[in-house]
Amino acid sequence: MSSSYKGGCDHVQVKATAEPIDNHVCHCNVCKGVTGQQTTHVAFFNHSDLTVDHPEKMNRQPFNKDNPSGPLELCTCSECGAALMLDDKQKRIRVAVPNVMGYDDAKFPDPTYHAFYDASKDYPKPSDGRAVYEGLRPDFVWPEPA
Ligand SMILES: [Zn+2]
Ligand SMILES: [Zn+2]
């Protein structure tokens, strides 16, 4: 199994050197706002497994602008503005959104469940057979900081 996923833009390359530790379809409103998609395929990696060749070219902004002190930052290219990754200030995880961060989404494993779905959504609960949770899967364990 290939454990190499490459994303990024013409200026900053992002590379994953291991399999994701969590891989889900995200229904949260923050992802929706950032990607413009009703749902978003999101892959979490251990922090040290997702690397960037030119971190000095990344701009950082709060992922959730309504919660600017939250742990996740959206990293974008300072030259072209492309979204590159989400970085955890606590250095536990880094996050890829394959289809908006320059990856070949088809190379990723299929998401295993639906996250952050709740009854307030104005569309039906997914019925594709995958588990649906109102948060991350209950057995998800945040890794230790790198
Ligand atoms: Zn989300
Ligand atoms: Zn760029």
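For segment 26-41, a residue qualifies if it is in contact with a Pro (Cβ under 9 Å, 6 or more places away or on another chain) and near ligand 1 (Cβ under 6 Å from one of its atoms), and exactly one does: Cys26.
Which of the residues that make up segment 63-86 are assigned to a loop (DSSP other than H, G, I, E, B) and near ligand 2 (Cβ under 10 Å from one of its atoms)? Let's see the steps before the verdict.
As a first pass, look at segment 63-86 and keep what is assigned to a loop (DSSP other than H, G, I, E, B): 63-71, 78-82.
Passing the criteria: Ser78, Glu79, Cys80, Gly81, Ala82.
Screening Val95 against (1) assigned to a loop (DSSP other than H, G, I, E, B); (2) in contact (Cβ under 8 Å) with a residue 24 or more places away in the chain; (3) among the β-branched types (Val, Ile, Thr) leaves a single unmet condition, (1).
What number of residues within segment 1-25 are within 16 Å of ligand 2 (Cβ to nearest atom) and either aromatic (Phe, Trp, Tyr) or assigned to a strand (DSSP E or B) (or both)?
Within segment 1-25, residues that are within 16 Å of ligand 2 (Cβ to nearest atom) and either aromatic (Phe, Trp, Tyr) or assigned to a strand (DSSP E or B) (or both) number 6.
Note on segment 102-122: among residues that are at pLDDT below 95 and either in a helix (DSSP H, G or I) or within 16 Å of ligand 2 (Cβ to nearest atom) (or both), the one that is surrounded by the most Cβ atoms within 10 Å (Cβ to Cβ) is Asp105.
Total residues in segment 26-62 satisfying the condition of being charged (D, E, K, R), away from ligand 2 (no atom under 16 Å from the Cβ) and over 14 Å from Val97 (Cβ atoms): the figure is 1.
Restricted to segment 71-113, and to residues that are of a type in the set (Gly, Ala, Ser) and more than 14 Å from His24 (Cβ to Cβ), which residue is nearest to ligand 1 (Cβ to nearest atom)? So that I can check it myself, show each step before the final result.
Filtering segment 71-113 for residues of a type in the set (Gly, Ala, Ser) gives 78, 81-83, 96, 102, 106.
Pick out the ones that are also more than 14 Å from His24 (Cβ to Cβ) and you get 78, 81-83, 102, 106.
Working: Ser78: 24, Gly81: 20, Ala82: 19, Ala83: 13, Gly102: 19, Ala106: 21 Å.
Applying the filter and picking the extreme gives Ala83.
The values are calculated or read from the model by the stated rules, or taken from the named source; none is laboratory data. Bear in mind that the values here come from a model prediction, so they are computed numbers and not experimental data. Glycine also receives a Cβ, built like all others from the backbone with ideal geometry; neighbour counts cover every protein chain displayed.
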